[in-house]
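S.K.: First, the structure itself, so that you have it in front of you.
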Amino acid sequence: MSPLCRSWGCSEKLTFADSEMATQVTAHTRTDQLPQKVTLYSYHLSSCSWRVQLALLFKGIPYEYKAVDLSRGEQFSDEFTKLNPLQMVPVLAIDGVTLVDSIGILLYLEERFPDKRPLLPKDLVQRAQIHQVVSLISAYIQPLQMGRILATIEAKFGKEEQLKWIQDVYRKGFSALEQILIRTAGKYCFGDTVTLADIVLVPQFGNAIRLQMDLAPYPTIQRVGEALNELPEVKSSVPANQPDARKS
Amino acid sequence: MTQAGTAEVPKVTLYSYFRSSCAWRVRLGLLLKGMSRIPYEYKAINILKGEQFTDEFTKLNPLQLVPVLEIDDVKLVDSIAILQYLEERFPDKRPLLPKDLVQRAHIHQVVFLIASNIQPLQNTQILPVIEAKLGKEERLKWAQYSIAKGFSALERILEKTAGKYCFGDMVTLADVVLSPQLANAIRFQLDMAPYPTIRQVGQALNELPEVKASAPANQPDAPNL
């Protein structure tokens, strides 16, 4: 459990009292101040939840971790559905508002707290290149290998075809990513500063290893992934270190 | 030129396929931001003929996808990244995002719902695979299911946020990404009865001259029928 998480009282049970309370009206504008109250509704194996947790940790924003057990269908409970009618994690409750969608949340955090360890440079072209990598992973790799799709592929085509599908998704996606990172990477995806591209890469790299993808053709991805995995924020956020991982 | 709010007229080239949803987003974004006053060069890449796999195009975009936007000496790939760039570089040309950070987050939610959770599951990379293995009927069902799943979620959001368009009465990036997806839904004969708000917003969007001008049928590479 990350020290930040522990100090803010991580709870392992699902409660919604704080999301219904807005005791103060907070202006959601660009600020140097830390937010008043942040709750992350998350599942330890969710790549999308992992992205948000990384951003909070890198930006030094304390938060409370509330586990939603997707394996037991907790996302379909009346309580959680009231919080997010789309019945998905991650959900970020921050200063009285509820935000959904990991990339939308990352962009919000960057816009609201731009000076807390910036995750995007100021140069517009570099920002566009970083957004391209974010899209490549979050639109063209992650959705094609998420649980629901893999289950459908297996049901329609069988296990062997499912394995070929996964390999194909990673081959196409990581080949393209490798060609980009060869030109842009320093220690991390873009030079030596952690950016949104790295935040989205970490969970995908973790998935690739878990699925035993052959990473030999992608030396830059491998090098960057391993460098990222050394960072304390990444170590704190890995699935195995989450409160709900140890229960399962 | 990478400073925001720059006033000079850029030279713009768009690599596009008339029917590509992602290219349509960029065409629509360019027109909405008044870039029609800056004529852009349209370079057609025929996806069905595999022109995206040529060495020349692969050098331009290793992902072998359209759209690619060249603006002055800058090359940009990925429709969402391009739209974000245009928004940051030309913030005073008909903003497609409000200033409020929470509103922006809600708009981004819709953008990524469509761009990450619907479009990639029913695009030209996946559907041929489904058709090759299971036939035309399964391909159609897959496309319809992928869109339906996303549209169910989208309808619940827009019920709360829509005015004339997705978010109140101003056209935003959400509308830019919705227009092509809606056209796809119709092309795949999706039953739109469960999504009255999406239909209503779609009708309003289809009235916009920019939506008409950027539509596939009006592109230089659209087949003459």
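S.K.: Going residue by residue through the stretch A:209-219, is there one that turns out to be of a type in the set (Phe, Trp, Tyr) and under 17 Å from the mean Cα position of the chain (by Cα)?
M.R.: Taking the stretch A:209-219 as the starting set, the residues that turn out to be of a type in the set (Phe, Trp, Tyr) are A:218.
This time we only want the ones that are under 17 Å from the mean Cα position of the chain (by Cα), so: none.
No; the residues of the stretch A:209-219 include none that is of a type in the set (Phe, Trp, Tyr) and under 17 Å from the mean Cα position of the chain (by Cα).
Residue by residue, here is whether (1) surrounded by 14 or more Cβ atoms within 10 Å (Cβ to Cβ); (2) closer than 22 Å to A:Leu40 by Cα; (3) among the aliphatic types (A, V, I, L, M) holds:
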site: A:Gln204; (1), (2), (3): yes, yes, no
site: A:Thr220; (1), (2), (3): yes, no, no
site: A:Glu226; (1), (2), (3): no, no, no
site: A:Pro232; (1), (2), (3): no, yes, no
site: A:Ser237; (1), (2), (3): yes, yes, no
site: A:Asp244; (1), (2), (3): yes, yes, no
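S.K.: Keeping to the stretch A:120-135, report how many residues are under 30 Å from A:Asp168 (Cα atoms) and touching a helix residue (DSSP H, G or I) at 6+ places or on another chain (Cβ under 6 Å).
M.R.: The total comes to 7.
S.K.: Return yes or no: is A:Gly60 at pLDDT 90 or above and on the phi > 0 side of the Ramachandran plot? Can you show your working first?
M.R.: On the way: at pLDDT 90 or above: yes; on the phi > 0 side of the Ramachandran plot: yes.
The answer is yes for A:Gly60.
S.K.: Mind listing whichever residues of the stretch B:70-90 are β-branched (Val, Ile, Thr), part of a helix (DSSP H, G or I) and open to solvent by 10 Å² or more (accessible area, probe 1.4 Å)? If you could, list the steps in order and put the result at the bottom.
M.R.: Residues of the stretch B:70-90 β-branched (Val, Ile, Thr): B:71, B:74, B:77, B:80, B:82.
In the following step, the residues that additionally are part of a helix (DSSP H, G or I) were identified as B:80, B:82.
Correct list: B:Ile80 only.
S.K.: Turning to a different aspect of this structure: Checking the structure you have, find out if any residue of the stretch A:148-161 is over 30 Å from B:Leu127 (Cα atoms), open to solvent by 20 Å² or more (accessible area, probe 1.4 Å) and either at the interface with chain B (Cβ under 9 Å from one of its Cβ atoms) or polar (S, T, N, Q) (or both). Steps first, answer last, please.
M.R.: Of all residues in the stretch A:148-161, those over 30 Å from B:Leu127 (Cα atoms) come to none.
Within the stretch A:148-161, not a single residue is over 30 Å from B:Leu127 (Cα atoms), open to solvent by 20 Å² or more (accessible area, probe 1.4 Å) and either at the interface with chain B (Cβ under 9 Å from one of its Cβ atoms) or polar (S, T, N, Q) (or both).
S.K.: Among A:Leu99, A:Leu177, A:Leu181, which is of a type in the set (A, V, I, L, M, F, W, C), open to solvent by less than 50 Å² (accessible area, probe 1.4 Å) and within 20 Å of A:Leu56 (Cα to Cα)? Walk me through it before giving the result.
M.R.: Working: A:Leu177 fails: within 20 Å of A:Leu56 (Cα to Cα); A:Leu181 fails: within 20 Å of A:Leu56 (Cα to Cα).
The unique qualifying residue is A:Leu99.
S.K.: Kindly check whether there is at least one residue in the stretch A:58-72 that is without any contact (Cβ under 8 Å) to a residue 24 or more places away in the chain and out of contact with any helix residue (DSSP H, G or I) (no Cβ under 8 Å at 6 or more places or on another chain).
M.R.: Taking the stretch A:58-72 and keeping what is without any contact (Cβ under 8 Å) to a residue 24 or more places away in the chain, we get A:72.
Imposing the further condition that a residue be out of contact with any helix residue (DSSP H, G or I) (no Cβ under 8 Å at 6 or more places or on another chain) reduces the set to A:72.
Yes, some residue in the stretch A:58-72 is without any contact (Cβ under 8 Å) to a residue 24 or more places away in the chain and out of contact with any helix residue (DSSP H, G or I) (no Cβ under 8 Å at 6 or more places or on another chain).
Conditions tested, residue by residue: (1) at pLDDT 95 or above; (2) more than 9 Å from chain A (Cβ to nearest Cβ); (3) more than 21 Å from B:Val176 (Cα to Cα).
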{"position": "B:Leu97", "(1), (2), (3)": "yes, yes, no"}
{"position": "B:Val102", "(1), (2), (3)": "yes, no, no"}
{"position": "B:His106", "(1), (2), (3)": "yes, no, no"}
{"position": "B:Phe112", "(1), (2), (3)": "yes, no, no"}
{"position": "B:Leu121", "(1), (2), (3)": "no, no, no"}
{"position": "B:Leu127", "(1), (2), (3)": "no, yes, yes"}
{"position": "B:Leu134", "(1), (2), (3)": "no, no, yes"}
{"position": "B:Ala148", "(1), (2), (3)": "yes, yes, no"}
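S.K.: A further question follows. Which members of the stretch B:150-165 meet the condition of being among the aliphatic types (A, V, I, L, M), part of a helix (DSSP H, G or I) and farther than 10 Å from A:Pro85 by Cβ? Full working, then the answer.
M.R.: Kept after step one, since they are among the aliphatic types (A, V, I, L, M), are these residues of the stretch B:150-165: B:153-154, B:157-158, B:162.
So of that shortlist, the ones also part of a helix (DSSP H, G or I) come out as B:153-154, B:157-158.
Passing the criteria: B:Leu154, B:Leu158.
The values are calculated or read from the model by the stated rules, or taken from the named source; none is laboratory data. The model shown is predicted, which means the values in this text are computed figures rather than measured ones. With ideal geometry, Cβ positions are generated from the backbone for all residues, glycine too; neighbour counts draw on all protein chains shown. Side chains included, ligands, DNA and RNA excluded: accessible areas come from the protein's heavy atoms. Shrake-Rupley method; radii C 1.70, N 1.55, O 1.52, S 1.80 Å.
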